[in-house]
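S.K.: Please see the structure below; I have some questions.
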2 protein chains.
Amino acid sequence: MSAFRVEVRVMPRAALLDPQGLAVEHALHALGFGEVAQVRMGKHLVLEVKAATRNEALARARAMCDRLLANPVTEDYDVVVGGGAAR
Amino acid sequence: MSAFRVEVRVMPRAALLDPQGLAVEHALHALGFGEVAQVRMGKHLVLEVKAATRNEALARARAMCDRLLANPVTEDYDVVVGGGAAR
């Protein structure tokens, strides 16, 4: 059994309006950052997942995204499994 | 002038309590994902920044983090500048 560091990025789908990103974009413009556009804002999670193999850690992390971390209608997610420290 | 795709990750500092991450961790345990621990939750932003060079885009994105995107007391950030499409 190892503990794998898993990084999950959850972003609003490209086709959907992203009100949070829009609010940040407007605030940046108001602060003088006129060169910024197309701001999208999502979540970044770092988890430690105990699993026998890297593939098992990836599969469990994907299940967590499907069940809780991402909204399947409005969000897309990426999962990256990093190094496993032997336990 | 090119438009660079910039990715910004803002995470709560390691030494600080992360109530959002803790709430997610408890919810995952309640859903049967007992193998997860050390959940930290932050923000992921994707921006398009117009700049003459990649280094200028990086500097401007860092300035945006210092001014608005990250809380310098409680959060750390990483900035990655991706490809620039010539304009």
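S.K.: Just to be sure I understand: chains B and A are related by a rotation, so which residue of B has its Cβ closest to that axis, and how close in Å?
M.R.: Smallest Cβ distance to the axis, with its residue: B:44, 2.
S.K.: Same structure again: Accessible area per residue, 1.4 Å probe, Å², for the range B:2-86: what's the number?
M.R.: Accessible area per residue, the range B:2-86: 50 Å².
S.K.: Another question, if that's okay. Note the distances from residue A:31 to each other copy's matching label point, with points 7 Å along the Cα-to-beta-carbon direction, in nm, sorted shortest first.
M.R.: 3.2
S.K.: Could you tell me how many degrees, from 0 to 90 and to the nearest 10, lie between the Cα long axis of helix A:54-64 and the main elongation axis, the longest principal axis, of the Cα atoms of chain A?
M.R.: The answer is roughly 50 degrees.
S.K.: With only Lys, Arg, Asp and Glu charged, each at its Cβ (+1 for the first two, -1 for the last two), find how big the charge dipole of the range A:2-86 is about the Cα centre; round to the nearest 20 debye.
M.R.: Computed charge dipole of the range A:2-86: roughly 360 debye.
S.K.: Can you spot the aspartates and glutamates whose alpha carbon is less than 13 Å from residue B:43's alpha carbon? Ignore those fewer than 8 places along the same chain.
M.R.: The reachable aspartates and glutamates, counting only those whose Cα sits under 13 Å from residue B:43, are A:7, B:7, B:18, B:75, B:76, B:78.
S.K.: Still on this structure, I have one more. With the label 7 angstrom out along Cα to Cβ, how close does residue A:17 come to the same site in each of the other copies, in nm, nearest first?
M.R.: 3.7
S.K.: Relative to the longest principal Cα axis of chain A, at what angle does helix A:19-30 sit, 0 to 90 degrees, rounded to 10?
M.R.: Compared with the principal axis, the helix lies near 50 degrees.
S.K.: Ok, one more. Rounded to the nearest percent, how much of the accessible area of chain B (1.4 Å probe, protein heavy atoms only) is carbon and sulfur?
M.R.: C and S fraction of accessible area: 56 percent.
S.K.: At residue B:17 and residue A:17, where each label point lies 7 Å from the Cα along Cα→Cβ, what is the point-to-point distance in nanometres?
M.R.: According to this spin-label approximation, the distance is 3.7 nm.
S.K.: May I ask you to report, in nm to one decimal and beginning with the shortest, the distances from residue B:80 to the same position in the other copies, taking label points 7 Å along Cα-to-Cβ?
M.R.: Distances between equivalent label points, in nm: 0.3.
S.K.: Where does the protein assembly as shown land at 222 nm, in deg cm²/dmol rounded to the nearest 500, when only DSSP H runs of n ≥ 4 count, each adding -39500 (n - 2.57), divided by all residues?
M.R.: -8000 deg cm²/dmol
S.K.: What do you reckon, how do B:26, B:44, A:29 stack up by accessible area (1.4 Å probe), largest on top?
M.R.: Output order, biggest surface exposure first: B:26, A:29, B:44.
S.K.: Still on this structure, I have one more. Multiply the residue separation of residue B:66 and residue B:78 by 0.36 nm, subtract the distance between their alpha-carbon atoms, and state the gained length in nm to one decimal.
M.R.: 3.2 nm
S.K.: Between residue B:29 and residue B:53, what FRET efficiency follows from the Cβ-Cβ distance if R0 is 35 Å, with the result rounded to 0.05?
M.R.: So, using R0 = 35 Å, E works out to roughly 0.15.
S.K.: Something else now. Using the Cα centre as the reference, give the magnitude of the dipole from point charges on the C-beta atoms of the range B:1-52 (Lys, Arg: +1; Asp, Glu: -1; all else neutral), rounded to the nearest 20 debye.
M.R.: Rounded to the nearest 20 debye, it is 260 debye.
S.K.: Please state the charge dipole magnitude for the protein assembly as shown, taken about the Cα centre, from unit charges on C-beta atoms (+1 on K and R, -1 on D and E), reported in debye and rounded to the nearest 20.
M.R.: It works out to roughly 220 debye.
S.K.: For the B and A pair, go ahead and give the buried accessible area with a 1.4 Å probe, both sides summed, in Å² to 100.
M.R.: Using a 1.4 Å probe, the pair buries roughly 2900 Å².
The values are calculated or read from the model by the stated rules, or taken from the named source; none is laboratory data. None of the values given here were measured: they were computed from a predicted structure. Every residue, glycine among them, receives a Cβ derived from its backbone with ideal geometry; neighbour counts consider all protein chains shown. Accessible surface is based on the protein model in full, side chains and every heavy atom, while ligands, DNA and RNA are left aside. Shrake-Rupley method; radii C 1.70, N 1.55, O 1.52, S 1.80 Å.
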